[in-house]
Amino acid sequence: QVHLVESGGGLVQAGGSLRLSCAAPGRTSSSYAMGWFRQAPGKEREFVAAISRSGSNTYYPDSVKGRFTISRGNAKNTVYLQMNSLKPEDTAVYYCAASFFLSSDYEKYDYWGQWGQGTQVTVSS
């Protein structure tokens, strides 16, 4: 198991940017496939981004493609979600997730075994 800690959430105006961080203290995120999900009140947890163990492959839904970027930092125990051109509909609690493998089920939150506690992102109009 790995412990995941998200940070970087906050309040931002529409069109602005935020960078979320997910850290696995004492571990290297390169050993795991990593993902981001979000959940707004009254809605199911939604897939946002995923990155393979090697970092060579990234995946996004159409709702964020071209605006969000998942990446691994120089510190191997950290993964980031850069969010640009934020919209009010991006408002949600954002969760970091980890899995030893990245399979075709990566869009399903039940697949991911490890989760952080979440960080709130609020986008105002």
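Quick notes on this one:
- For the chain, the dipole from Cβ point charges (+1 on Lys and Arg, -1 on Asp and Glu) about the Cα centre works out to 360 debye, to the nearest 20.
- Considering only 13, 69, 106, the residue lying farthest towards the positive end of the dipole of the chain is 69, judged by Cα position with unit charges set on Cβ.
- The value of relative contact order for the chain, using C-alpha pairs under 8 Å at least six residues apart, is 36 percent.
- Cross-link reach list, aspartates and glutamates versus residue 108, counting only Cα pairs under 15 Å and skipping chain neighbours closer than eight places: 44, 46
- Full extension of the chain between residue 43 and residue 59 yields a length gain of 3.6 nm, computed as 0.36 nm times the residue separation minus the alpha carbon distance.
- In the assembled protein chains, residue 95 presents an accessible area of approximately 40 Å² (probe radius 1.4 Å).
The values are calculated or read from the model by the stated rules, or taken from the named source; none is laboratory data. Computed from a predicted structure; not experimentally measured. We place every Cβ from the backbone using ideal geometry, glycine too, and count neighbours over all the protein chains shown. Heads up: the accessible areas ignore ligands, DNA and RNA and are worked out on the full protein's heavy atoms, side chains in. Shrake-Rupley method; radii C 1.70, N 1.55, O 1.52, S 1.80 Å.
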